[in-house]
Structures are given as C-alpha cells and as structure tokens.
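**Q** Got a structure for you, written out below as structure tokens; questions coming shortly.
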Amino acid sequence: MAVVWCDIHQIVSTNDDGYDVDSVYAECKKCGAKSDEIWGTSETSINRALMNLKESCPKKENNFYKESKF
Ligand SMILES: [Zn+2]
C-alpha cells in the first residue's frame, strides 16, 4: 500500500438550503484527481475528503491518501 500525498483545499460551498458553508476537497498530487466537496473543515471532513478521493483517483489503486503539509 503506497502513500499518496494530497493537497487539501479550503473552499466555500453551498449546502442544500442555499447557505454558504466552509468546505474542503482533496486533490491527488500524483494524478490531479479531485474529491467531492465535503462540507466542514474539521479533521473529520478532511478525512472524508481523503476517503472520497479514493473513488475519483483514476488509478483505482488501493493507496493510502494523506494530507500533504507542504
Ligand atoms: Zn491519484
């Protein structure tokens, strides 16, 4: 299992009620795939974005996605 580093981007998204919410999405530094936008900016939301990236990362490898601090 390889570690793939990801950038976590903070964005403002719109929720189902039309309100702006701080959100995050993860971007794979290896292939550029992006996760869905996940509402919230907590550790839980970041982890959800990283998990979600697993589905959109084209390589479909069983990688372990980690937030890059650099
Ligand atoms: Zn990737």
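**Q** Across the range 10-23, what is the total count of residues that are over 11 Å from the mean Cα position of the chain (by Cα) and within 18 Å of LYS66 (Cα to Cα)?
**A** Residues flagged as over 11 Å from the mean Cα position of the chain (by Cα) and within 18 Å of LYS66 (Cα to Cα) within the range 10-23 amount to 0.
**Q** Further, regarding this structure: I need a count of the residues in the range 24-48 that are touching a residue at least 12 places away in the same chain (Cβ under 8 Å), surrounded by fewer than 16 Cβ atoms within 10 Å (Cβ to Cβ), within 15 Å of the ligand (Cβ to nearest atom) and not basic (Lys, Arg).
**A** Matching residues across the range 24-48 total 2.
**Q** Moving to a separate point now. Condition first: among the small types (Gly, Ala, Ser), closer than 20 Å to PHE64 by Cβ and outside any strand (DSSP E or B). Now tell me which residues in the range 24-45 satisfy that.
**A** GLY32, ALA33, SER35, SER45
**Q** Then there's this: What's the number of the only condition in (1) in a strand (DSSP E or B); (2) in contact (Cβ under 8 Å) with a residue 40 or more places away in the chain that LEU53 fails to meet?
**A** Only one criterion in (1) in a strand (DSSP E or B); (2) in contact (Cβ under 8 Å) with a residue 40 or more places away in the chain is unmet by LEU53, namely (1).
**Q** Given the criteria more than 13 Å from the ligand (Cβ to nearest atom) and more than 25 Å from ALA2 (Cβ to Cβ), does ASP16 qualify?
**A** In short, yes.
**Q** Could you identify the single residue in VAL12, VAL21 that is among the β-branched types (Val, Ile, Thr), part of a strand (DSSP E or B) and surrounded by 14 or more Cβ atoms within 10 Å (Cβ to Cβ)?
**A** VAL21
All of the numbers you see were taken from the coordinates with simple rules; none came from a lab. Just so you know, these numbers come straight off a predicted model, no measurement behind them. Positions of Cβ are backbone-derived with ideal geometry, glycine not excepted, and every protein chain shown enters the neighbour counts.
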